[in-house]
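A.B. asks: Here it is, the structure in full.
The values are calculated or read from the model by the stated rules, or taken from the named source; none is laboratory data. As the structure is a prediction and not an experimental result, all values here were calculated from the model. Reconstructed Cβ throughout: ideal geometry from the backbone, glycine too, with neighbour counts over all protein chains shown. Heads up: the accessible areas ignore ligands, DNA and RNA and are worked out on the full protein's heavy atoms, side chains in. Shrake-Rupley method; radii C 1.70, N 1.55, O 1.52, S 1.80 Å.
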Amino acid sequence: MNRPPLSIPRHAAWIGALLCASAVLGFAAMLDGYLHAQHPLGLLGASGIPRALAFNLLGFVLPGVLLAITAVALRARLPDMARRSAGVGVWLLVWSALAFAAQGLLPLDPSDLDGAQSRGHATAWTLWWIGFVPGALLLAAGLGRVAAWRMLAMLMAVCAIVVLLLAALPPVLVPGPIAQRIALGAWLLAYIAVSRGRGSVTEDLPS
């Protein structure tokens, strides 16, 4: 028997997404010369940048933790008919969210983009999308045969493909900063959908 949805994890996804988006927009507006079309998100939290610590906390760490909580909560609510791959996919989504949070703990060093500190940030970013893409696809495959969850499965598959293409495309086709922001938007949308823990709005209606 499935457990009832938990309100805290469901709200955690929205809070995490709003924190991340607000931090990106707000801290970018306060940083002279920062352009969304030209600069990566990590620059807002780079060493030596004003208010970097606050951005890393509000833009990376807290959203990542909140979205990891969202994914863990989904694991307890997967339908009995879901394939085992759905459970594996959920844990990869947890990994992706924690890797996102790690970007705030491993800030870029703008004076040495090839140094160990910057490589740590780049590694966390890579683990972020490498965890999400197979995780979302496995979750979609595991839920695809459950009618009430099919909408969620389809959305997860679409978001996975979007993130994969934008992370793998050469920057000459889509500028890196633009691709990064679109991929982030698709990623946040996926976790908001996951927070519902179901694929059909009819499950919200009283019986």
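A.B. asks: Per residue, how much accessible area does the chain show when a 1.4 Å probe rolls over the protein heavy atoms, in square angstrom?
C.D. replies: In whole numbers, the chain has 49 Å² accessible per residue.
A.B. asks: Towards the positive end of the charge dipole of region 1-148, with charges on Cβ (+1 Lys, Arg; -1 Asp, Glu), say which of Leu105, Leu44, Ala28 has the farthest Cα.
C.D. replies: Value: Leu105.
A.B. asks: Per the 1.4 Å probe, what fraction of the accessible area of the chain, in percent, lies on carbon and sulfur atoms?
C.D. replies: Its accessible area is 72 percent carbon and sulfur atoms.
A.B. asks: Something else now. Evaluate E = 1/(1 + (r/R0)^6) for Met81 and Gln38, where r is the Cβ-Cβ distance and R0 equals 45 Å; express this FRET efficiency to the nearest 0.05.
C.D. replies: After rounding, the FRET efficiency stands at 0.40.
A.B. asks: At 30 Å minimum axial length over the Cα atoms and a Kyte-Doolittle cut of 0.5, report the qualifying DSSP H helices in the chain, or say none.
C.D. replies: Helices passing the filter in the chain: 7-30, 84-105, 116-143, 176-196.
A.B. asks: Ranked from highest to lowest mean number of other Cβ atoms within 10 Å per residue, what is the order of the peptides 136-149, 82-95?
C.D. replies: 136-149, 82-95
A.B. asks: Gap in Å between the Cα centre of region 18-89 and the Cα centre of region 124-194?
C.D. replies: 14
A.B. asks: Any idea what the dipole of region 61-132 comes to, in debye rounded to 20, about its Cα centre with Lys/Arg Cβ at +1 and Asp/Glu Cβ at -1?
C.D. replies: Using only the charged Cβ atoms, the result is roughly 480 debye.
A.B. asks: Also: Multiplying the sequence separation of Leu18 and Asp112 by 0.36 nm and subtracting their Cα-Cα distance, what value in nm do you get?
C.D. replies: The span from Leu18 to Asp112 would gain 30.7 nm if fully extended.
A.B. asks: Moving on to the next point. To the nearest 20 debye, what charge dipole does the chain have about its Cα centre, counting +1 at the Cβ of each Lys and Arg and -1 at the Cβ of each Asp and Glu?
C.D. replies: For this selection, approximately 780 debye.
A.B. asks: Ignoring everything except DSSP H segments at least 4 long, calculate the 222 nm mean residue ellipticity for the chain; use -39,500 (n - 2.57) per segment, divide by total residues, nearest 500.
C.D. replies: -22000 deg cm²/dmol
A.B. asks: From the residues Tyr191, Ala116, Ala76, which one has its Cα farthest along the dipole of region 47-201 in the positive direction, the dipole being from +1 and -1 charges on Cβ of Lys/Arg and Asp/Glu about the Cα centre?
C.D. replies: Highest projection toward the positive end goes to Ala76.
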